[in-house]
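Visitor: Dropping the structure in here first, questions after.
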Amino acid sequence: MKLSVAEIAEKIGQTFEGDGGVEISKVATLANADNGSISFLSNPAYLKEVEHSNAAVIIMREQDKDAANSPAVIISDNPYLSYALTAQLLYPASAPSAGIHATAVIDSKAEIDPDASIGPNVVVEAGANIARGVVIGAGSYVGKDVKVGDNTRVEPNVTLLDGVVLGARNIIHSGAVLGADGFGFANDKGSWVKIPQVGRVIVGDDVEIGACTTIDRGAIGDTRIGNGVKLDNHIQIGHNVTIGEHTAMAACVGIAGSAKIGAYCNIAGDVGIAGHLTIADGTTLTGKSMVTHSLKKGVYSSGMPVQETGEWRKNAVRLRRLNELFKRVKKLEKNS
Amino acid sequence: MKLSVAEIAEKIGQTFEGDGGVEISKVATLANADNGSISFLSNPAYLKEVEHSNAAVIIMREQDKDAANSPAVIISDNPYLSYALTAQLLYPASAPSAGIHATAVIDSKAEIDPDASIGPNVVVEAGANIARGVVIGAGSYVGKDVKVGDNTRVEPNVTLLDGVVLGARNIIHSGAVLGADGFGFANDKGSWVKIPQVGRVIVGDDVEIGACTTIDRGAIGDTRIGNGVKLDNHIQIGHNVTIGEHTAMAACVGIAGSAKIGAYCNIAGDVGIAGHLTIADGTTLTGKSMVTHSLKKGVYSSGMPVQETGEWRKNAVRLRRLNELFKRVKKLEKNS
Amino acid sequence: MKLSVAEIAEKIGQTFEGDGGVEISKVATLANADNGSISFLSNPAYLKEVEHSNAAVIIMREQDKDAANSPAVIISDNPYLSYALTAQLLYPASAPSAGIHATAVIDSKAEIDPDASIGPNVVVEAGANIARGVVIGAGSYVGKDVKVGDNTRVEPNVTLLDGVVLGARNIIHSGAVLGADGFGFANDKGSWVKIPQVGRVIVGDDVEIGACTTIDRGAIGDTRIGNGVKLDNHIQIGHNVTIGEHTAMAACVGIAGSAKIGAYCNIAGDVGIAGHLTIADGTTLTGKSMVTHSLKKGVYSSGMPVQETGEWRKNAVRLRRLNELFKRVKKLEKNS
């Protein structure tokens, strides 16, 4: 795909300065760009790279534009967003042709829109409903009564178990498993008795779910993922969790059962959230945070950043007696 | 499935009070129940919800029963267990019909009980033995010499590699990988030389293994999972680990090679256990615990719960000098 | 496979003492060995087991050899390495016969060496190139333009997405996903706009990638895994990460986007490394370490080992006021 600077600026709703006729075929970092590349400056820390970049055009804020030596600049208040929109233009998602591959196994009671694309070795069970524009990648499994909304893309080797409901324009990455049983057992004198998990997984529109991420079905009611939620890889969402709209979670986060995660939250990698908690809308959690109580809106952290192992060992041993140290200090204060 | 209150009480071995003829078709929470629902009160914190619940029948302890306004109550010393058994009655696992799907690829030297169900695109290699009542879900792989015991259910897209042995009545969820090579390398002047992993994975009866959970084969001997063990999603079990009977682990736990985990342990989410340790029977570990030495029976924890990021940052910096603080306090004590 | 002690010693380039004609058919631990077994002593802690071992031959250091009562010993400066090489002799990887299984779906524009083995239900897309000696396991997906180098082994149910490049002699374990989109979004007034991920994943030679490990494609440039890197299970490698040669990572490690991990690093289980950091060559990180800044060569740790929960709770509460404690101690020091 090739577009001129002027075409790009028009399509993303921004203005340009310089030579609007330069043809752009790819995105690149400031450092690696060549004369067919578009790049961007979002973080001012990279301002010094702008001057030496060979990019044909750079997307920048008005106040930064004088630093550029490129044939053109596109002016944007949010260069990273403008970059995202530009990249979507230059790299349109490849759409496989509609139709059902000869090796797919489709139950006669499944409904598949003629405009959907069903890849090789896909299995679609009875009662499933696959809407127009949907792509189901090779080897994926679509269980009974699963609904897949318009233009949702399911990558190869995804597992959508019985009753999962996906909205429109989702992207579900390879290895993801939606609708496996939640972890529910009653204890009977030491041994565990399974509690049938009879709820579903309900996913809104414009959701992205990462590779090898798992979302368990509800125990009684449903597990719910709001519109616009973005989940990275290796995330575990327990049964009956709800995640509010436009919340983003980085990789390896684990959310235990029945937790309520608000909308517009930012949850960094490897955060763990205990069950039955409520996290307020707009909350930010930094990486590896351990959340054992409900949180009001705010920015929270925990964990001990690394230090040299010898030092860490001494501190870790002391940490086991921190409570005692507080008491000793109190005693000193009393006696001083 | 519809059952009367009297039928349910009889089948789960409990007594009821009130109208035994009410027909029940589903389970529900106290808050969402309607007049066809059975609910339960296990945690006294929800006692106030009992009064306003529309459930047709509530499973409760004798001492709580007066709080109910429902047409019937079922009396149980362990309402959660009675609820589990009731849900099993109302939601029997759907059993696909026996037989081998036309698209499955079965080696001529595999043995498959005529009463087993082998789904679409399943691959079964030479020497595998699949017992009666087993269900192998679509797209799953059953390697050479794998044994799958009576009535075990393997969900779609599971991978059982060569020599894995599964007992009876297991449930293996989608994305699980059993029998991949353990992580074993010898160092040769900086580069790594692979150590063939020649042990197996041996799983007992009544085990449940979560989605995307991995259990590595032994390096020399076998990796062993005891009867009644329940593993949630995204768990990593290293080579030559043994897990005692009826131990339960929540999601994202990692157990390094050759660790011996006792029976009847409860291990919460994201716990990490170093290699070659022994964890005693009946041990409990809370979420995100970091275990670097063997443990006697007990309840253990570690980790720093979240606090507001500004406060955390100050504390985390100080933590790096905790050992020094102890010395300063000691000096103050000496001089006081 | 049976080999005499003399044959083994010769093939692994070491000397033996005692009866070179004893036939060896398997490896075993010192404790479990019988008269057809080879065992080894690497860690001196197990020296006392040597005396009572029934092994036919033990690989040991010169200085330890007198402890052995076995018919033969093989002398090696690095017994663990010699054991690895011996096990490779006794357990050669089983090579399925070359050829393409009848159920595989191969695009007419894919190139597959006649000496490669393509398993049942494998899908290979246009432009893919699969070299000689490669094994692609059942159910695996090989996307467009994927390159798989000589003698690389892809286990069942692996997903290699468009453009992934694998070098020679790799082993990719089941459930691994290479080339899924990195986690990149621009924020537009609270909602997230996808940034197309247009880079690739480039993997060197002699790399091993564990079960359910995910390596995301680059956002603009490529994600790069160096020669000889060994990754355990459940690892997450974010977009544009680079990993230097011969670095090893244990299970459940998460590396955020654009981090640069050096060569010859040892990274233990569940370590988390934030984005855009640089970790120097030869760095060691212990389990569950939390890395929030770049590191010079060294050995680093963080995290709080478990203690009894009652004690932990008191300490964890105090930890929230550690900064205050430092101030109190400073005040005491001033006044003393």
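Visitor: Express the Stokes-Einstein translational diffusion coefficient of segment C:23-181 in µm² s⁻¹, to the nearest whole number, given a Kirkwood radius over alpha-carbon pairs, 25 °C and a viscosity of 0.890 mPa s.
Guide: 137 µm²/s
Visitor: In segment A:174-204, which residues have a backbone nitrogen under 15 Å from the label point lying 7 Å from B:Met1's Cα in the Cα-to-Cβ direction?
Guide: Counting only backbone N, you get A:194-199.
Visitor: Among the aspartates and glutamates, which have Cα under 17 Å from the Cα of A:Lys2 when same-chain residues fewer than 8 positions away are ignored?
Guide: A:Glu10, A:Asp19, A:Glu23, A:Asp34
Visitor: Per DSSP helix of 4 or more residues, -39500 (n - 2.57); summed, then divided by the residues of chain C. What does that give at 222 nm, rounded to the nearest 500?
Guide: It comes out at -4500 deg cm²/dmol, rounded to the nearest 500.
Visitor: Now for a separate question. For segment C:290-336, what is Rg from Cα atoms divided by 2.2 N^0.38 Å, rounded to two decimals?
Guide: On the way: Rg = 15.8 Å, N = 47, 2.2 N^0.38 = 9.5 Å.
Cα Rg divided by the expected 2.2 N^0.38 Å: 1.66.
Visitor: Next up: What's the percent breakdown of Cα-Cα distances in segment C:3-90 across 5 Å bins, shortest bin first?
Guide: 3, 18, 32, 30, 15, 2
Visitor: Taking a temperature of 10 °C and a viscosity of 1.306 mPa s, what whole-number D in µm²/s does Stokes-Einstein yield for chain C with Rh from Kirkwood over alpha carbon pairs?
Guide: It diffuses with D of about 68 µm²/s by this estimate.
Visitor: Which three extents, in whole angstrom, do the alpha-carbon atoms of segment C:78-119 cover along their principal axes, largest first?
Guide: The Cα atoms of segment C:78-119 stretch 49, 17, 14 Å along their principal axes.
Visitor: Aspartates and glutamates within cross-link reach of C:Lys334: Cα-Cα under 15 Å, excluding same-chain residues under 8 positions apart?
Guide: A:Glu333, B:Glu333
Visitor: Also: Using a label point 7 Å beyond Cα on the Cα-Cβ vector, give me the inter-copy distances for A:Arg313 in nanometres, one decimal, shortest first.
Guide: 3.2, 3.2
Visitor: I've got another one for you. List the distances, in nm to one decimal, from the label point of B:Asn35 to the label points of the same position in every other copy, shortest first, placing each label point 7 Å from Cα along the Cα-to-Cβ direction.
Guide: Label-point distances to the other copies, shortest first: 8.2, 8.2 nm.
Visitor: Sort shortest first the distances from C:Ala93 to its counterpart in every other copy, using label points 7 Å along the Cα-to-beta-carbon line, and give them in nm.
Guide: 3.5, 3.5
Visitor: Provide the packing ranking of B:261-273, B:98-110, i.e. peptides ordered by the mean count of other C-beta atoms within 10 Å per residue, highest first.
Guide: In descending order of packing, they fall as B:261-273, B:98-110.
Visitor: How much length, in nm to one decimal, is gained on full extension between B:Lys296 and B:Asp115, taken as 0.36 nm per residue of separation minus their Cα-Cα distance? Working shown, then result.
Guide: Details: separation 181, 0.36 × 181 = 65.16 nm, distance 4.54 nm.
Additional length available on full extension: 60.6 nm.
Visitor: Report P(r) for the protein assembly as shown: all Cα-Cα distances, bin width 20 Å, range 0 to the bin holding the largest distance, values in whole percent.
Guide: With 20 Å bins starting at 0, P(r) equals 13, 43, 34, 10, 0.
Visitor: If you don't mind, there's one more thing I want to ask. For B:Lys48 and B:Gln63, compute 0.36 nm times the residue count separating them, minus their Cα-Cα distance, and round to one decimal in nm. Mind dumping the intermediate values first?
Guide: Numbers: separation 15, 0.36 × 15 = 5.40 nm, distance 1.42 nm.
Computed gain between B:Lys48 and B:Gln63 is 4.0 nm.
Visitor: List the lysines whose Cα lies under 27 Å from the Cα of A:Lys297, skipping any in the same chain that are fewer than 8 positions away.
Guide: A:Lys230, A:Lys260, A:Lys288, B:Lys288, B:Lys314, C:Lys189, C:Lys194, C:Lys314
Visitor: Would you grab the residues whose amide H sits under 5 Å from the one on C:Gly303? Only those 5+ places off in sequence or on another chain, please, with H modelled 1.01 Å from N.
Guide: Hits under the 5 Å cutoff: A:Met304.
Visitor: Oh, and also: Using only the Cα atoms of segment C:134-291, what semi-axes does the equivalent ellipsoid have when each is the square root of 5 times a gyration tensor eigenvalue? Give whole Å, largest first.
Guide: 23, 21, 13
Visitor: When chain A is modelled as a GNM with alpha-carbon springs shorter than 10 Å, which of A:Val148, A:Val203, A:Val306 fluctuates the most?
Guide: Result for chain A, Cα springs under 10 Å: A:Val306 fluctuates most.
Visitor: Still on this model: Need one value for B:329-336: mean number of C-beta atoms belonging to other chains within 10 Å of its residues' C-beta atoms.
Guide: Mean partner-chain Cβ count within 10 Å for B:329-336: 5.
Visitor: Give me a single rounded figure for C:76-82: the average over its residues of other chain Cβ atoms within 10 Å of their Cβ. Could you put the intermediate results ahead of the total?
Guide: On the way: counts 0, 0, 5, 1, 7, 8, 2.
Partner-chain Cβ atoms within 10 Å, mean over residues of C:76-82: 3.
Visitor: What is the calculated FRET efficiency for B:Glu10 to A:Ala102, with r their C-beta to C-beta distance and R₀ = 60 Å, to the nearest 0.05?
Guide: The calculated FRET efficiency here is 0.70.
Visitor: Can you compute the FRET efficiency between C:Asn35 and A:Ser94 using 1/(1 + (r/R0)^6), with r the Cβ-Cβ distance and R0 = 51 Å? Round to the nearest 0.05.
Guide: Working from the Cβ atoms, E equals 0.25.
Visitor: Any idea what diffusion coefficient segment A:117-160 gets from Stokes-Einstein, in µm²/s, Kirkwood Rh on alpha carbon pairs, 37 °C, 0.692 mPa s?
Guide: The diffusion coefficient I find is 331 µm²/s.
Visitor: To continue, here is another question. Between segment C:79-122 and segment A:49-103, how far is it from one alpha carbon centroid to the other, in angstrom?
Guide: 42 Å
Computed from the coordinates by the stated procedures, all read-outs in this text should not be read as laboratory data. Just so we're clear, the structure is a prediction, and the values are computed from it rather than from any experiment. Positions of Cβ are backbone-derived with ideal geometry, glycine not excepted, and every protein chain shown enters the neighbour counts.
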